[in-house]
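The values are calculated or read from the model by the stated rules, or taken from the named source; none is laboratory data. Predicted, not measured: the structure shown is a model, and the values here were computed from it. We place every Cβ from the backbone using ideal geometry, glycine too, and count neighbours over all the protein chains shown. In case anyone asks, the SASA skips ligands and DNA or RNA and just uses the protein heavy atoms, side chains included. Shrake-Rupley method; radii C 1.70, N 1.55, O 1.52, S 1.80 Å.
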Amino acid sequence: MPTVLGFEGSANKIGVGVVRDGAVLANPRRTYVTPAGTGFLPGDTARHHRAVVLDLLQEALTEAGLTSQDIDCIAYTKGPGMGAPLVSVAVVARTVAQLWNKPLLGVNHCIGHIEMGRLITGATSPTVLYVSGGNTQVIAYSEHRYRIFGETIDIAVGNCLDRFARVLKISNDPSPGYNIEQMAKRGKKLVELPYTVKGMDVSFSGILSFIEDVAQRMLATGECTPEDLCFSLQETVFAMLVEITERAMAHCGSQEALVVGGVGCNMRLQEMMETMCQERGARLFATDERFCIDNGAMIAQAGWEMFQAGHRTPLSESGVTQRFRTDEVEVTWRD
């Protein structure tokens, strides 16, 4: 019964998780929250992670009721993500692995989300909509790879939402996306925004530029409210995501859809995906904020799968990379 400890810190969340044979034993997490109207810079985020990571490690072990002797492997996020936060967490993972004399595993962040989603929901071979602040991809498994069927050609959907939140000075606590979701529930008017689907790919930068340009004027003249703009942005970008996911499902003949990533917590997105799946006679699988949002357990779970399949990361190859595509990883643990 291998027990894997996972470190995640690719963006403004840092988490340490413990997984043993499909059971999540611990999954504490901290978030670096910046003032409204601002984003998070790599250096500041890395300093936050360094300040809390050892406390999180101890918290995870205590919650799981384990000691270092009970851990069989140390997994960490190799990428993709922000350089400085990735490095700060990887250094800790490498150090712990050497101090405890445990094997090390560098995990693809995106695959961590997918494997966590599969574990928690029980989905067998779903078409995956992976939506977060740094990534937007539609993925399906085939022949030992997670194949990317469609993706953003510029910024991620979560980045689009986060940057719009800065325009309206929406709070970053607990997250700008969550606060946009709550405001959107009170929206009454649908403002027409650019709808940009290009084949299987999507583009969000033009929508963001447009709404940034018109927001203050429309608000000043009373044409709409901040809630209307949040509602309109959500409806537009989520419709685009549902469209390309449905097209991928049709291509794959899939009867399962799985939503993962931080934006996957959004209940309106889940509702729209559920409607699409019902019309296709398919099933939707999704998780809540414990597992959708970046967390250590997802890295531990992907690490557990890799460990069981015989993967190991030599110390000489245990760096990080900001660009690490989902389809670069050979998925030897699936048939």
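Couple of notes before you dig in:
- Exposure rule at most 16 other beta-carbon atoms within 10 Å, DSSP loop trypsin sites (Lys or Arg not before Pro): the chain longest free segment: 1-168
- Net dipole in debye of region 142-275 [+1 Lys, Arg Cβ; -1 Asp, Glu Cβ; about Cα centre; nearest 20]: 220
- Orientation-averaged projection of the chain equals 16.1 nm² [convex hull of Cα atoms, one quarter of hull surface area].
- Structural size metrics of region 227-317, computed from C-alpha coordinates, are Rg and Dmax of 16.8, 52 Å.
- Solvent-accessible surface of region 125-286, averaged per residue with a 1.4 angstrom probe and all protein chains in place: 42 square angstrom.
- Among the GluC sites (Glu not before Pro) in region 37-135, none sits in a DSSP loop with a Cβ that has at most 15 other Cβ atoms within 10 Å.
- Projecting label points 7 angstrom from Cα along Cα→Cβ for Val91 and Ala23 puts them 3.6 nm apart.
- Qualifying GluC sites (Glu not before Pro) in region 196-260, where qualification requires a DSSP coil assignment and no more than 16 other C-beta atoms within 10 Å, comprise Glu223.
- Distant alpha-carbon pairs in region 125-286 (separation over 22 angstrom), percent: 39
- Of the beta bridges in the chain, as assigned by DSSP with both residues counted there, near 55 percent are antiparallel.
- Helix runs (DSSP H) in the chain reaching 27 Å along axis by Cα, Kyte-Doolittle at least 0.5: none
- Residues in region 124-165 reached by a label modelled at Val33 [backbone nitrogen below 20 Å; 7 Å Cα→Cβ]: 133, 159, 161-165
- Full-extension gain in nm, Arg334 to Ser171, via 0.36 nm per residue minus C-alpha separation: 54.5 nm
- Seen from Thr275, the other residues with C-beta closer than 15 Å to its C-beta sum to a net charge of -3, counting Lys and Arg as +1 and Asp and Glu as -1.
- Inter-site label distance for Asp288 and Val214 at 7 Å from Cα along Cβ, in nm: 3.8
- Exposure of Leu190 as accessible area (Å², to 10), given a probe of 1.4 Å and all protein chains: 110
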